[in-house]
Amino acid sequence: MYFDYQNTGVGVPDRFADAHQRAWTRLASPGMWWTSTEKIDIAAETRNAENVRDEYRNSLSPSIADPPQKVSSTLDESILEAIYRITTDPARLSRDWFNTLIERGVKDTHYVELVSVITTVLSIDDFHRGIGIDLEDLPTPIKGDPLRRRPTSARDEGSWVNTVPPAQLDPVDDDIYGGRDSAPNVIRALSLVPPEVRALEDMHEAQYLTYAEMGEFVNLDRSLSRAQIEFVAAKVSVANECFY
Amino acid sequence: MLRASSKLNQSGIDIKAVVDGNVDSMIPAGPSLASFAEALVSRSSNLERLRSNLVDEVGEQGMIEAAGTAANFQRMVRIADAIGIPLDDRSLSAADALIEELDIKTFHSASNTYRFD
């Protein structure tokens with residue numbers, strides 16, 4: 001059983017275990033564009049990136065940092081570079097770098113799902129680091145083929161990849177923004193691969209706040225006040241030099 | 001969100017504490033929360049000690065809440081930076097003053113997110 005927090009000696013609320021188990025089930029399953037084996041390799045390389053974290057962040061240019069010895073077999077060099085840079089040094093990613101990846105043959109759809117897998121694993125791992133417990137074993141891949149479906153209404157809304165406006169969702173995806181008629185860009189970011197928006201919200205609600213709670217600034221039923229929660233969020237953003 | 005929380009709670013939070021560790025945020029347990037979050041992001045060897053300090057101040061459940069929030073935003077910042085998303089329209093009107101106040105134009109990712117005049 002994955003994420004059996006009851007045996008860690010830390011009183012982790014059930015909402016974390018539930019969300020992390022669902023995330024691991026998604027990670028083990030075929031994606032929209034990547035196979036399950038490739039997704040587990042992406043997860044393994046995300047963890048491997050920790051071995052070169054300081055070298056990447058401290059290098060004069062991230063493009064000259066030496067990559068780690070790879071631990072996977074299914075991913076090409078462009079994908080490995082993306083994993084290491086997104087994991088270790090996100091603030092120095094640029095549109096030019098992204099365009100170079102695309103010119104080297106990385107598909108925008110694969111890139112979006114890649115970002116989602118990397119950040120899912122990193123986020124759960126960092127929760128474990130934060131509360132002081134071992135990382136969870138990666139799941140065993142579940143056989144099957146990627147679905148390979150691109151939203152018909154994805155368009156340029158100013159991000160490096162196309163995104164889907166709330167009013168133009170395909171019927172099969174019309175729940176991804178929770179039925180709301182607007183969605184911030186950080187939620188739209190993954191909409192080229194709609195299931196990843198659902199996955200993002202699932203984890204976001206467990207680890208941070210539900211949408212209902214996001215509108216509550218005074219009487220939040222949590223162990224920290226809303227101001228304390230937002231202070232932690234802001235500190236993490238600044239420590240990563242994230243402008244958004 | 002931090003500023004909105006401050007206004008609605010009438011708590012007088014000094015938002016400059018987000019970028020300047022010498023500024024008192026006026027948030028209860030603010031220094032311990034900040035140190036814990038920064039240690040997690042930087043993979044500091046002091047994380048265990050800072051976690052213990054935080055538990056002393058906000059309790060184990062408060063520490064878990066802080067770890068969950070930090071973990072969530074480790075994800076969100078990478079999504080924002082890796083997808084190169086622009087600022088939201090509704091953020092633009094409030095952005096200029098906040099950018100000046102926090103002096104964050106020098107962040108590498110600023111050029112991806114915001115166009116300066």
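For the protein assembly as shown, what number of Lys pairs, 8 or more residues apart or on separate chains, have alpha-carbon atoms under 16 Å from each other? Let's see the in-between values first.
Values: A:LYS39/A:LYS70; A:LYS39/A:LYS107; A:LYS39/A:LYS143; A:LYS235/B:LYS16; B:LYS7/B:LYS16; B:LYS16/B:LYS105.
Lysine pairs satisfying the spacing and distance rule in the protein assembly as shown number 6.
When only the heavy atoms of the protein chains count and the probe is 1.4 Å, how do A:THR152, A:THR25 rank by accessible area, highest first? Before the final figure, lay out the partial values.
On the way: A:THR152 115, A:THR25 85 Å².
Output order, biggest surface exposure first: A:THR152, A:THR25.
Measuring from label point to label point, each 7 Å out along Cα→Cβ, what is the A:VAL71 to B:VAL23 span in nm?
Going by the 7 Å Cα→Cβ label model, 3.9 nm.
Wrap a convex hull around the Cα atoms of the stretch B:2-83, take a quarter of its surface area, and give that in square nanometres.
Numbers: hull surface 24.1 nm².
Mean shadow area of the hull around the Cα atoms is 6.0 nm².
Would you mind estimating how fast the protein assembly as shown diffuses translationally, via Stokes-Einstein at 37 °C and 0.692 mPa s with the Kirkwood radius over Cα pairs, in µm²/s? All intermediate terms of the calculation are to be shown ahead of the outcome.
Details: Rh = 20.7 Å.
My calculation gives 158 µm²/s for D.
Round to a whole angstrom and tell me the spacing of the C-alpha centers of the stretch A:5-26 and the stretch A:166-181.
29 Å
Over chain A, what is the mean sequence separation of C-alpha contacts under 8 Å (at least six apart), divided by residue count, expressed as relative contact order in percent? Don't skip to the end; give the middle numbers.
Numbers: 271 pairs, mean separation 53.7, N = 244.
Normalised by residue count, the contact order of chain A is 22 percent.
In whole Å, how far is the Cα centre of the stretch A:65-127 from that of the stretch B:25-49?
28 Å
Please report the accessible area of B:MET1 (heavy atoms, 1.4 Å probe, ligands and nucleic acids excluded) in Å², nearest 10.
100 Å²
Explain nothing, just the number: relative contact order of the stretch B:2-83, from Cα pairs under 8 Å at least 6 residues apart, as a whole percent. Don't jump to the answer; show the numbers that get you there.
Working: 51 pairs, mean separation 14.7, N = 82.
The value is 18 percent.
Let me know the volume per residue of the alpha-carbon convex hull for the stretch A:14-207, in Å³. Can you show the working numbers first?
Working: hull volume 25.0 nm³, N = 194.
Expressed per residue, the convex hull around the Cα atoms of the stretch A:14-207 is 129 Å³.
Sorted from largest to smallest, which semi-axis lengths in Å does the alpha carbon gyration tensor of the stretch A:140-244 give for its equivalent ellipsoid, taking the root of 5 times each eigenvalue?
Details: eigenvalues 159, 56, 50 Å².
Calculated on Cα positions only, the semi-axes equal 28, 17, 16 Å.
Need one value: the accessible area of B:ARG51 in square angstrom, 1.4 angstrom probe, rounded to the nearest 10.
Around 40 Å² of this residue is reachable by solvent.
How do B:ASP88, A:ASP134 rank by accessible surface area computed with a 1.4 Å probe, from largest to smallest? Intermediate values should be presented prior to the final figure.
Values: B:ASP88 20, A:ASP134 130 Å².
Reading off the accessible areas and sorting them downward yields A:ASP134, B:ASP88.
Using θ = phi - 60° and the Karplus relation 6.51 cos²θ - 1.76 cosθ + 1.60, list the HN-Hα couplings for the stretch A:158-171 in order, rounded to whole Hz, with x at every Gly or Pro.
x, 7, 5, 10, 5, 10, 10, x, x, 7, 10, 5, 5, x
The values are calculated or read from the model by the stated rules, or taken from the named source; none is laboratory data. Just so it is clear, the structure is predicted and the values come from calculations on it, not from any experiment. Here Cβ is always computed from backbone atoms with ideal geometry, including for glycine, and neighbour counts include all displayed protein chains. To get the accessible areas, we keep the full protein, side chains included, count just its heavy atoms, and leave off ligands, DNA and RNA. Shrake-Rupley method; radii C 1.70, N 1.55, O 1.52, S 1.80 Å.
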